[in-house]
Amino acid sequence: MSKNLTEDTINELVSTYGNSVLRMCYLYLKDYQLAEDVTQETFIKVYEKIDTFENKSAIKTWIMRIAINLCKNQMRTHWFKRKAMEHIPEIASEDEFDIILDKDAISLEIMKLQPKYREVILLFYYQELPVKEISYILNIKETAVLQRLRRAREQLKPSLKEIL
Amino acid sequence: MKEQIDYELQCMEFKMNPAELVSMKKKQRNRYKPLILIISIFLFGTTAYAGYTICNTIWVNRESLPELDPMKKIIVNELNDYDEEDMLYRKSYDSYSELCKELGIELLSSEMAEGNSAMLITRETDNEHWTQIKVTAYILGDVYNLKKIENMQLYTWQEGEVFSSPIDMTIDIISSDEQLEIGWEKDYLGPFEYVETYQSEKGYKVNIISSAAVKETEKPMYKAIFVVDGIRYTLSGRVEISKMKEILDSFHFLESETVSEENTEQEVVSNENSHKEYSTLDLLYRKQEFNIGFMRSAGVVIIYKELIVQNIANAEKVIVIYNDELLEEIPLSEDFVEIELDKSGYYGFFVEDQQGEIHEVNYAVHTCMSSENILWLDEKNYEEND
């Protein structure tokens with residue numbers, strides 16, 4: 001795919017996947033500002049590396065892989081900052097973003113899961129990717145994906161299990 | 001589930017940051033039609049002027065606010081301080097006047113900020129299309145017990161009677177025709193709502209939006225956004241709206257250079273006094289505090305892999321934090337990891353597993369003491385923080 005084609009391609013990719021990547025990153029990181037930054041960075045990387053995309057997987061899978069890896073980098077970086085803020089009474093924050101969710105919201109339940117369960121649930125049920133693609137994204141075996149899905153479902157509320 | 005999640009998070013919609021679009025365009029040397037501009041023209045079928053106006057619109061939850069004065073192309077002096085990781089130019093300043101002098105342009109200033117040596121000023125730019133200045137704690141008001149968080153442009157504080165928080169300020173400057181064409185929209189999502197459009201005493205048109213208070217004693221968060229001489233200012237803080245208006249009324253342009261030199265001298269004097277005040281009221285200048293780890297002396301420590309894997313499956317590497325900063329990362333490939341601590345300070349030890357999760361492992365760290373070149377273990381050679 002040549003650079004000359006990427007102008008329309010990036011527009012299309014942003015409009016097709018932008019919202020779902022942003023929402024997935026928000027549920028993964030539990031922080032809107034970080035999610036927005038990661039989503040931005042995801043599409044910049046997609047734009048920069050589109051020439052290297054070798055069609056070994058669907059482009060959606062490729063984008064999700066970039067997004068998940070960036071989320072993990074963010075968690076690693078910001079873990080230490082959050083640790084530093086644990087005992088502090090008030091924090092100055094320039095831009096605040098609070099989603100008001102119903103107490104029974106699925107999003108809330110997903111955010112309660114550990115990261116390794118959160119990511120499989122999001123990729124399987126929200127991004128609707130097959131196990132094989134998830135295995136590629138997370139760089140784990142397909143059996144590991146299935147096992148994490150099973151354990152994640154066990155941890156969710158009974159009412160949600162019916163949906164799943 | 002997908003539909004349910006999309007319904008719950010429907011207010012979240014992604015738009016590429018216009019500044020990033022321009023940077024990408026410059027890198028690839030291609031003409032690039034930004035998504036925002038295309039949508040604007042499609043929806044409104046307007047002339048280029050109206051498209052430009054729309055692209056500098058301020059939005060609250062997808063609703064556009066009344067139009068402000070337009071942003072203009074403003075040329076500022078370049079920065080040399082390049083950040084490789086973030087791929088932009090960034091610099092911090094000790095004073096507002098120093099910032100203005102280096103920018104080479106006049107900026108608005110508030111009388112209420114004079115003498116405030118606590119403000120934290122950061123300037124970021126790509127040296128071509130845009131500049132953003134963030135001033136944390138621009139106006140302190142009557143907040144007290146201010147404490148800076150180490151290595152971050154953030155403070156903690158105690159609420160005053162009038163100010164529940166300091167007032168922060170962001171300044172947005174567009175410096176190229178390209179960026180002007182694309183614009184610089186902002187959309188405040190979440191529990192923000194439009195309050196009113198206010199005209200300050202100096203005639204500046206200001207859009208005021210608010211967000212609800214988090215707790216009973218807090219005042220609501222107000223954001224005041226206005227454009228003067230093509231530069232956009234955003235004030236942010238928890239005060240009553242009447243106080244926010246008073247702050248807006250206090251904005252003016254700094255005096256000329258000869259006069260400002262006198263002001264600088266006065267500012268230095270008041271800075272000194274402010275330093276003294278802070279050192280008696282809080283710990284800002286008294287001692288450093290760190291939040292991660294325990295106090296350790298310089299020397300050698302050992303971490304045994306066996307102790308780690310008993311609790312953490314797939315442990316991959318050891319992460320060492322020194323005085324709240326990342327010191328080093330060491331693969332956990334051998335039976336033990338020996339680490340030399342060059343200096344005394346606050347050390348935190350963590351392990352990262354294959355899934356990227358971080359686990360605290362200070363319990364597994366043993367200090368070595370040497371006696372005539374013989375190393376032996378002393379398990380409790382550290383003082384606890386607090």
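The values are calculated or read from the model by the stated rules, or taken from the named source; none is laboratory data. Model, not experiment: these values are computed from the prediction. Note: ideal-geometry Cβ built from the backbone for every residue, glycine included; neighbour counts use all protein chains shown. Note: accessible area is taken over every heavy atom of the protein model, side chains too, but ligands, DNA and RNA are not part of it. Shrake-Rupley method; radii C 1.70, N 1.55, O 1.52, S 1.80 Å.
Assorted remarks:
- Restricting the stretch A:21-49 to residues that are open to solvent by 50 Å² or more (accessible area, probe 1.4 Å) and closer than 20 Å to B:Gln10 by Cβ leaves a set whose member that is modelled with the highest pLDDT is A:Glu36.
- Condition check for B:Ile339: under 26 Å from A:Pro115 (Cα atoms), at pLDDT 85 or above and not in a loop (DSSP other than H, G, I, E, B): no
- Within the stretch A:9-20, being at pLDDT below 85 and either facing chain B (nearest Cβ under 9 Å) or in contact with a Lys or Arg (Cβ under 7 Å, 6 or more places away or on another chain) (or both) holds for A:Ile10, A:Asn11.
- Selected residue [open to solvent by 10 Å² or more (accessible area, probe 1.4 Å) and either modelled with pLDDT of 90 or more or of a type in the set (S, T, N, Q) (or both)] from A:Thr52, A:Thr61: A:Thr52
- Test: residue in the stretch B:138-153 that is in a strand (DSSP E or B), outside the structural domain of B:Leu326 (by TED's automatic domain parsing), over 13 Å from the mean Cα position of the chain (by Cα) and free of Cβ contacts under 8 Å to residues at least 60 places away in the same chain: no
- Considering the conditions (1) farther than 23 Å from B:Glu106 by Cβ; (2) more than 8 Å from chain A (Cβ to nearest Cβ); (3) at pLDDT below 90, B:Gly141 is excluded by exactly one of them, (3).
- Among the residues of the stretch B:120-138, the ones that are within 21 Å of B:His252 (Cβ to Cβ) and at pLDDT below 90 come to 0 in all.
Listed here are the residues, each with its yes/no results for (1) modelled with pLDDT of 85 or more; (2) within 14 Å of another protein chain (Cβ to nearest Cβ); (3) surrounded by 15 or more Cβ atoms within 10 Å (Cβ to Cβ).
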{"residue": "B:Ser250", "(1), (2), (3)": "yes, no, yes"}
{"residue": "B:Tyr278", "(1), (2), (3)": "no, no, yes"}
{"residue": "B:Val301", "(1), (2), (3)": "yes, no, yes"}
{"residue": "B:Ile321", "(1), (2), (3)": "yes, yes, yes"}
{"residue": "B:Val351", "(1), (2), (3)": "yes, yes, yes"}
{"residue": "B:Gly356", "(1), (2), (3)": "no, yes, yes"}
